[in-house]
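Structure, as structure tokens:
A short reminder: the numbers here are calculations on the coordinates, not readings from a lab. This is a predicted model, so every value here is computed, not measured. Here Cβ is always computed from backbone atoms with ideal geometry, including for glycine, and neighbour counts include all displayed protein chains.
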Amino acid sequence: MPDADKFAVLIGEEALRRRVIELGSQISKDYQNTPLTLIALLNGSIFFLTDLIRALDIRDLHIECWRISSYCDTYSTGKVTGLEHCRAEVHQRHVLIVDDIYDTGLTLSHVQEHVRTLQPLSIKTCVLLEKKTKHQVLIPVEYVGFTIPDEFVVGYGLDYNGRYRELPDIRIFRSN
Ligand code: XMP
């Protein structure tokens, strides 16, 4: 794990595992007998998504993955690219948006707005992490794994310019 060794671990593997199972059982309770389409935002949510799906017990579950991006280095550009091509058949279905972080909130607010145009029965949002101090827009987020300090984090799917996604835990990344 070359230079990643020097990054401090913020959330360890076991804590991630336990919390994702808790979120999974909460979501399963809330949607057990209703048609649910889970829309995951890639790439950052890949680890979270696959662990969360395996923690779900829902009869009528569809999974869609949308690839969008808004980050460059450690800064949100505020512009979401890729959303214009994102589609899902959500007629008579509930939607749960799954993302890695609610940071400024710009990405999720655009995504929620886009999902609304598809007219599902309802829309809720689930994130693994929330950085409360950075919100630029306040949006409804019903399921939050962990609230974290205002630090750039990598690992468990999260990257710095494409690197460190493979780390099994969440670490604080400082470029200097
Ligand atoms: P916003 O600011 O729109 O950000 O809420 C949403 C997306 O930005 C990425 N992001 C991060 N990625 N470490 C990362 O690897 C971070 O600390 C971080 N903060 C935001 C992420 O993809 C998220 O979906």
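The order of K29, K124, going from fewest to most other C-beta atoms within 10 Å of their C-beta, is K29, K124.
Just D30, D51, D100 to compare: in a GNM of the chain, with alpha carbon springs under 10 Å, which one fluctuates most? Judging by the Gaussian network model, the answer is D30.
Scaling against 2.2 N^0.38 Å puts the C-alpha radius of gyration of region 46-148 at 1.06.
Label separation (E64 vs N43): 2.3 nm, computed from points 7 Å beyond Cα along the C-beta direction. Spin-label pair T117-D3: with each label point 7 Å from Cα along the Cα-Cβ axis, the two points sit 4.0 nm from one another. Amide H contacts of C65: A40, each under 5 Å away and 5 or more positions distant or on a separate chain (H built 1.01 Å from N in the peptide plane; Pro and chain starts excluded).
Annotation: amide H of F146 within the under-5 Å range of L129, E130, sequence separation 5 or more or interchain, hydrogens built in the peptide plane. Pair-distance distribution P(r) for the chain, from all Cα-Cα distances in 10 Å bins starting at 0: 10, 40, 36, 13, 2 percent.
By DSSP, the beta bridges lying fully in the chain are antiparallel in about 25 percent of cases. Could you compute how fast region 1-60 diffuses translationally, taking Rh as the Kirkwood radius over C-alpha pairs and applying Stokes-Einstein at 4 °C with viscosity 1.567 mPa s? Give it in µm² per second. My calculation gives 98 µm²/s for D.
Tell me the net charge near I68. Cut-off is 15 Å between Cβ atoms, I68 excluded, with +1 for each Lys or Arg and -1 for each Asp or Glu. Once positives and negatives cancel, what remains is -4.
Given charges of +1 on the Cβ of Lys and Arg and -1 on the Cβ of Asp and Glu, with all other atoms neutral, how large is the dipole of the chain about its Cα centre, in debye to the nearest 20?
With Lys and Arg at +1 and Asp and Glu at -1, about 180 debye.
Rounded to the nearest 500 deg cm²/dmol, what is the calculated helix-only ellipticity per residue at 222 nm for the chain, with -39500 (n - 2.57) per DSSP H run of length n ≥ 4?
Theoretical 222 nm ellipticity from helices: -7000 deg cm²/dmol.
What's the center-to-center distance, using Cα atoms, between region 106-163 and region 40-63 in Å? Region 106-163 and region 40-63 have Cα centres separated by 15 Å.
With helices defined as uninterrupted DSSP H runs, which ones in the chain have an alpha carbon span along their own long axis of at least 24 Å and mean Kyte-Doolittle hydropathy of at least 0.0? Don't jump to the answer; show the numbers that get you there.
Numbers: long enough: 13-31 (27 Å, -0.82).
None clear 24 Å together with a mean of 0.0.
The local environment of R165, defined by Cβ-Cβ distances under 11 Å, has a net charge of -2 under the rule Lys, Arg +1 and Asp, Glu -1.
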